[in-house]
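Okay, structure first, notes after.
Quick note: the coordinates plus some simple rules give every number you see, no bench work behind them. Since we're looking at a predicted model, the values are computed, not measured. Cβ: placed from backbone, ideal geometry, glycine included. Neighbour counts: every protein chain shown.
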Amino acid sequence: MSKHVLEAILLDLDNTLYLYDEPLFYERYFEKIIPFFADLVPPNEFKDRLHRSLMALMQNDGRVPNSLCFLDTFCYRYRSRLPSIWQRFMAFYESEYDSIPVQGQTPKGLHNVIDHLLHRSLKLVVATNPIFPLMLNSRDISVIGVMVLPFSLRIACN
């Protein structure tokens, strides 16, 4: 009989390491992002396109990068705009995303738990769904004040 040894702990980012009102976040996210794209995608179509694209990401089996899976769905009937749409998403995340006004906090005792896990020499892995670019996940981890810890950032696909 082999003995199994625990080597790593996977910690979810959204509403585990960082607690916030998710519905409120998405409401404010759409308030910011829809006007940012108004000249490329009609505002009445944007939310539906984004939703379908996120659903496609959940079905992505990893054969294509998430960025291509997302764009392929989002740019349906807008193939000629694909490069400008991707650039616009990146510009939004670099310039507007941080201004989405949602308050959050880390759970009480989080740093004590992390210290305990580190003292047991366990690898700590932040696992999150890949619906936002990796640069945002890294930024979100730094916002909650644990970036100085030896985390690995991995993407957990459904």
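Apply 1/(1 + (r/R0)^6) to the Cβ-Cβ distance of Glu45 and Leu136, taking R0 = 30 Å, and write down the FRET efficiency to the nearest 0.05. My answer for the efficiency is 0.80. The spacing between segment 30-44 and segment 80-99, judged by their C-alpha centroids, is 11 Å.
Applying 1/(1 + (r/R0)^6) with r as the Cβ-Cβ distance of Tyr78 and Glu22 and R0 = 41 angstrom yields a FRET efficiency of 0.90.
May I ask you to list the residues of segment 17-47 whose amide nitrogen lies under 12 Å from a point 7 Å from Cα along the Cα→beta-carbon direction of Ser95? Only 36-37 pass the distance filter.
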